[in-house]
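A short worksheet on the structure shown next.
The values are calculated or read from the model by the stated rules, or taken from the named source; none is laboratory data. All of these numbers come straight from a predicted model, not from anything done at the bench. No Cβ is skipped: glycine too gets one built from the backbone with ideal geometry, and neighbour counts run over all protein chains shown. Side chains are part of the model used for accessible areas, which takes the heavy atoms of the whole protein and leaves out ligands, DNA and RNA. Shrake-Rupley method; radii C 1.70, N 1.55, O 1.52, S 1.80 Å.
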Amino acid sequence: MSFINSLFYGKHGEGIRYLFIGGLNVIITWIIYAAFVLVGIDPSISNAFSWIVGVAVAFILNKVFVFNSKTHEKKEVSREVASFTLGRVFTGIVNILGFALLYDMGINQELFGIDGFFAKIIISAIEIILNYVISKYLVFIDKK
């Protein structure tokens, strides 16, 4: 088995695929955000649109490449879409409130010259873990 194949499909392959797809999704959302801002669309609207596209892209990539969901029935796919989206809304709220809480608790140190970046890293890690758990155990449930 080649190194790449064993990395993505070995013992910890699902987690590696999740992190890889997540990183790819971040790049996609940043590009969309930047493109919209560069053509003159308000940053808040650009951010919202890039989040919506990011959730849609993350759903498809996670369904197909990370969790290998084989559901194709309209009702089951609709359940996956709804639960995935609600999970992302929930973790988005956790991110917003958690960042504010960490920042107010004094985890507001500068990192790379950016105020509060350490709190942003911590809450992002928590959000990534929550998204993985929600996707694995509530969205893409293996019914074998």
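Determine if segment 77-100 includes at least one residue that is on the phi < 0 side of the Ramachandran plot, open to solvent by 90 Å² or more (accessible area, probe 1.4 Å) and modelled with pLDDT under 90. Yes, the conditions are met somewhere in segment 77-100.
Considering segment 105-144, the residues that are small (Gly, Ala, Ser) and assigned to a helix (DSSP H, G or I) include one that is nearest to Phe67 (Cα to Cα), namely Ser135. Of all residues in segment 34-74, those satisfying the criterion of being open to solvent by 80 Å² or more (accessible area, probe 1.4 Å), of a type outside the set (Asp, Glu) and farther than 23 Å from Val133 by Cβ are Leu38, Val39, Ser44, Ile45, Asn47, Phe49, His72, Lys74. Any residue in segment 26-33 that is touching a helix residue (DSSP H, G or I) at 6+ places or on another chain (Cβ under 7 Å), in contact (Cβ under 8 Å) with a residue 24 or more places away in the chain and open to solvent by less than 60 Å² (accessible area, probe 1.4 Å)? Yes; the residues of segment 26-33 include at least one that is touching a helix residue (DSSP H, G or I) at 6+ places or on another chain (Cβ under 7 Å), in contact (Cβ under 8 Å) with a residue 24 or more places away in the chain and open to solvent by less than 60 Å² (accessible area, probe 1.4 Å).
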